1. Give me the residue from the range 276-285 that is open to solvent by less than 40 Å² (accessible area, probe 1.4 Å) and more than 6 Å from the ligand (Cβ to nearest atom) and, out of that set, nearest to Asp347 (Cα to Cα).
2. Among the residues that make up the range 67-86, is at least one of them under 21 Å from the mean Cα position of the chain (by Cα), on the phi < 0 side of the Ramachandran plot and among the acidic types (Asp, Glu)?
3. Please give the helices (runs of 4 or more DSSP H) falling wholly within the range 54-133 in which 1 or more residues are among the basic types (Lys, Arg) and surrounded by 21 or more Cβ atoms within 10 Å (Cβ to Cβ).
4. I'm trying to understand the selection: among the residues of the range 254-267, which are more than 23 Å from Tyr286 (Cα to Cα) and either near the ligand (Cβ under 10 Å from one of its atoms) or under 23 Å from the mean Cα position of the chain (by Cα) (or both)?
5. Which ones in the range 286-302 are surrounded by 10 or more Cβ atoms within 10 Å (Cβ to Cβ) and not acidic (Asp, Glu)?
6. Given the structure, is Ala388 open to solvent by less than 40 Å² (accessible area, probe 1.4 Å), under 20 Å from the mean Cα position of the chain (by Cα), on the phi < 0 side of the Ramachandran plot and in contact (Cβ under 8 Å) with a residue 24 or more places away in the chain?
7. Checking the conditions here, which among Leu354, Leu323, Leu341, Leu346 is within 21 Å of Val252 (Cβ to Cβ) and either modelled with pLDDT under 95 or surrounded by 15 or more Cβ atoms within 10 Å (Cβ to Cβ) (or both)?
Amino acid sequence: MNNLAGKHIILGISGGIAAYKSVTLLRLLVKAGAEVQVVITPNGKEFITPVTLSSLSGKPVVSEFFTANTGEWHSHVSLGLWADVMIVAPATASTLAKMANGVADNMLITTYLSAKCPVFVAPAMDLDMMAHPSTTRNLATLRADGVRIIEPEVGELASHLVGRGRMEEPENIATVLNDFFGENSPLAGRKVLVTAGPTYERIDPVRFIGNFSTGKMGYAIAAEAARLGADVTLVSGPTALPDPQGVTTVRVESARQMLEAAQKAFADSDVAVMCAAVADYAPAHYVDRKIKREHDKVDSIELVRNPDIAATLGATKRPGQILVGFALETDNGESNAREKLSRKNLDMIVLNSLADKGAGFGTDTNKVTIITRSSEEIFPLKSKQDVAADILNRIIKDL
Ligand code: CTP
């Protein structure tokens, strides 16, 4: 099974002859659908050209702290946060020593030091360097730090000597990473539906009723669910956000269109997270030409109620399906949320309050309380990405 699709992988390449095998590794990972960012040490570039690597990965290779002519600084911190896994292959004696001791004199090491994800190393060096007590010591330090070592093989080395120090074959390294994601994909084989963004209800060709939702929370949930191995359908109202990687995104405009797309996807979903800020009302009559101020003299717009998507899905929910709603409230948050939980037949509701600073529409952060029929958990202010992870962790417990 391919667990690599949509995964964010940093491929660190240091300066050893085995760097030629990194090209095959890169190709295998990209072919499996992973997004790969190559970080190469200055010596690595002596063995393999950045042009080969950027052509295969589709991303500029990161190597220097600064871009020479523009003075642009490359942030190793954001790279470290972006990645689901970092693999250093080949990892030379020098790179292992720097990693073990935090010698941050190149981009590969600074990226390693700021990586929040699991890190693998595939050592490659001559047999005497491999057997040297300092290498043994550095590997032991790295192992204790949580780094996973993909042991080198015994075989003929570049020096023509035979011994331990040959980098593991790219196919096997790709398999190690694939298995790693398999074990860490709690939503593998699960279908997840997410609604996100606002809905626009047309008044005439130039005007609509809408709301301030940007879709950030729902997109974060969709991306996180995909990263956890789910097959994700995101039904999104109009937003300025790009389609998340590895997610099937269905773009809609109105509440009725959103309902139709959501019902279609819900039929075989295991989990549905209703994150959209659906307009509760739509104009009763759409005027198919621009309404003119002087000519039409409109004082009011007649409205009709929109369908409640969450409640409609709640009414047809099968046993075993988990339906999650959101409640954005300004006051009486908890009692309103509990009322929505039962009225819409939800299994879980995520309460966020506009009264909390940093929560709600447009921000990159959120502060939520996750409420089920039998539990309530209050979370601190976090990034929407981390909030998405908290919500999905809670859902995984109930699956
Ligand atoms: N929801 C929905 N369809 C609607 C309205 C809401 O699917 N027409 C979903 C939202 O996606 C959210 C939950 O229901 O998961 C609660 O949304 P909210 O707007 O807070 O609830 P309403 O029922 O509209 O209640 P009110 O406007 O009175 O707060």
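1. Ala277
2. Scanning the range 67-86, I find at least one residue that is under 21 Å from the mean Cα position of the chain (by Cα), on the phi < 0 side of the Ramachandran plot and among the acidic types (Asp, Glu), so the answer is yes.
3. 93-101
4. Of everything in the range 254-267, those that are more than 23 Å from Tyr286 (Cα to Cα) and either near the ligand (Cβ under 10 Å from one of its atoms) or under 23 Å from the mean Cα position of the chain (by Cα) (or both) turn out to be Ala262, Ala265, Phe266.
5. If the condition is that a residue be surrounded by 10 or more Cβ atoms within 10 Å (Cβ to Cβ) and not acidic (Asp, Glu), then Tyr286, Val287, Lys290, Ile291, Lys292, Val298, Ile301 are the ones that fit.
6. Values: open to solvent by less than 40 Å² (accessible area, probe 1.4 Å): yes; under 20 Å from the mean Cα position of the chain (by Cα): yes; on the phi < 0 side of the Ramachandran plot: yes; in contact (Cβ under 8 Å) with a residue 24 or more places away in the chain: yes.
In short, yes.
7. Leu323
Listed here are the residues, each with its yes/no results for (1) open to solvent by less than 30 Å² (accessible area, probe 1.4 Å); (2) touching a Phe, Trp or Tyr at 6+ places or on another chain (Cβ under 9 Å).
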{"site": "Leu142", "(1), (2)": "yes, no"}
{"site": "Asp145", "(1), (2)": "no, no"}
{"site": "Gly165", "(1), (2)": "yes, no"}
{"site": "Val176", "(1), (2)": "no, yes"}
{"site": "Pro186", "(1), (2)": "no, no"}
{"site": "Asp204", "(1), (2)": "yes, yes"}
{"site": "Arg207", "(1), (2)": "no, no"}
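The values are calculated or read from the model by the stated rules, or taken from the named source; none is laboratory data. These figures come from a predicted structure and were not determined experimentally. Glycine also receives a Cβ, built like all others from the backbone with ideal geometry; neighbour counts cover every protein chain displayed. Remember, those area values only see protein heavy atoms, side chains included, never the ligands or the DNA or RNA. Shrake-Rupley method; radii C 1.70, N 1.55, O 1.52, S 1.80 Å.
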